[in-house]
Amino acid sequence: MNATLRCAVAALMLSQTMAGAARAEMTPGTLSVGREGEAHMLFDLEALDALPQVSFETATVWTDEIQSFSGVPVAVLLDEAGLSEAIGQEGGVLQLAALNDYKVEIPLDEITPELPIVATRIDGETVSVRDKGPYWLVYPYDLDARYRREEIYHRSIWQLAQMTVLE
């Protein structure tokens with residue numbers, strides 16, 4: 001096989017592998033966390049449950065009553081993915097993408113050690129894709145008026161599938 005043909009075959013195989021990896025990162029039940037242009041770490045529910053958890057009760061503008069949300073702080077996920085230096089980075093951005101490719105951005109300097117969280121459970125139960133799951137970025141909206149702003153509601157992405165630190 002000549003060198004040109006080998007290069008073409010290798011390029012095709014690489015593009016197929018990368019396309020498959022991108023699809024794998026956006027599957028229900030798997031949360032992909034990483035830096036733009038680098039490999040992402042994948043977390044399933046079992047992996048998320050093994051990390052430190054935060055729980056709180058709050059009402060939301062999308063639900064009818066006060067509910068208990070529990071899950072992993074975003075800062076813990078970034079740390080677990082080897083991105084602890086990004087937490088609190090002034091001017092940095094964390095992009096979040098849903099299963100339907102809807103995207104929002106959060107300034108990295110607004111992420112605290114405990115908030116926001118990637119909720120894996122509402123009222124102690126895992127959440128189906130149909131009910132805004134399996135993962136939902138939430139804040140304790142009732143705790144403080146700063147969490148009851150349109151900007152914060154906009155960031156509260158459900159069906160969360162990917163978190164990417166942008167350069």
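Every number in this text was worked out from the coordinates using simple rules, so none of it is lab data. Values in this document were obtained by computation on a predicted structure and should not be read as measured data. Glycine also receives a Cβ, built like all others from the backbone with ideal geometry; neighbour counts cover every protein chain displayed.
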Original post:
How long is the gain from E57 to R148 if the chain were fully straight, where each residue apart is worth 0.36 nm and the alpha carbon distance is subtracted?
Top reply: 31.3 nm
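Among the GluC sites (Glu not before Pro) in the stretch 59-103, which ones are in a DSSP loop with at most 15 other Cβ atoms within 10 Å of the Cβ? Mind listing them?
Numbers: sites: E65, E80, E85, E90; in loops: E65, E90.
Qualifying residues, ordered by number: E65, E90.
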Original post:
Can you list residues whose amide H is under 5 Å from T120's amide H, if they're 5+ apart or on another chain and H is modeled 1.01 Å from N?
Top reply: S70, G71, V72
